[in-house]
Each structure stands twice: as C-alpha cells, then as structure tokens.
Amino acid sequence: WDNADFSRGVGTTFYQEFPTLNTAKPPFVRDVEAKVRRYLRSSYSAAWTLKITWEKAPAYAARTDSRRTITYQAILTTDGFRSYVLMLYQEGGMQWDYTRLAATNVLIGYT
C-alpha cells in the first residue's frame, strides 16, 4: 500500500468489527467465509472479522492532486487458528497517478 493523505479533508477511513464466535453471523461475514472457502477450497467458519475501508483516499501528497482517489478495503478474518486477509479494490483498480507518487515501485497487492 502506498501512503494515503487525508490532510486536505478529502476521503475517510472507517472500520467495522464482527465478533461472531457465539452469535448469529451477518450476511457480510457469511460472504467472507464463502470467499475463503472458494479461494482456498477448505472449510472455514469465522470467529472474528474486521473490515477496514479507505474511501476516496487521495495519494500522498494530496496537495499535488486530490482529485484522483481510490476506495479499497482490507478484510481480516480468523477462526482462532487460521487467519486470512482479503484485499478489495474499487472497480477499475488503482486510480492514483503512479507517475506523481513519492514511491516509484508501485504494486497493487502484496508480496
């Protein structure tokens, strides 16, 4: 992930926690479980899930261009033994102008 810059009042970050060990699972958690099962072809039942959303986040430094923003999410989930992260990007991928970023080795995803 590159540096997002919220200093100009553009964009926001928020999160929602889903502790589901002994409670009914909301549709969002059931969808996360289904994705983990489908992608990894294994059984999975979430005990805890956290959704973090960066909405309309401008790239650092926002003073150069706060019009190109991106919305993306990281979803952390665990069954108490195994943990997973789903990284979701808005339709169309990264909207930041990579030629104007402080870092020159831009990569969507992780290694």
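Extension gain, Asn3 to Ser83: 0.36 nm times the residue separation minus the Cα-Cα distance gives 26.3 nm. Per-residue 3J(HN,Hα) values for the range 7-16, derived from phi via the Karplus relation 6.51 cos²θ - 1.76 cosθ + 1.60 with θ = phi - 60°, read 5, 9, x, 9, x, 7, 10, 8, 9, 9 Hz in sequence order (x marks Gly and Pro).
The label point for Arg41 and the one for Phe14, both projected 7 Å from the Cα toward the Cβ, are 3.9 nm apart. Kirkwood radius, the range 12-100, all distinct C-alpha pairs, inverse of mean reciprocal distance: 14.6 Å.
Every number in this text was worked out from the coordinates using simple rules, so none of it is lab data. The shown structure was predicted, so the numbers you read here are calculated from the model rather than taken from an experiment. Cβ atoms come from the backbone with ideal geometry, glycine included; neighbour counts cover every protein chain shown.
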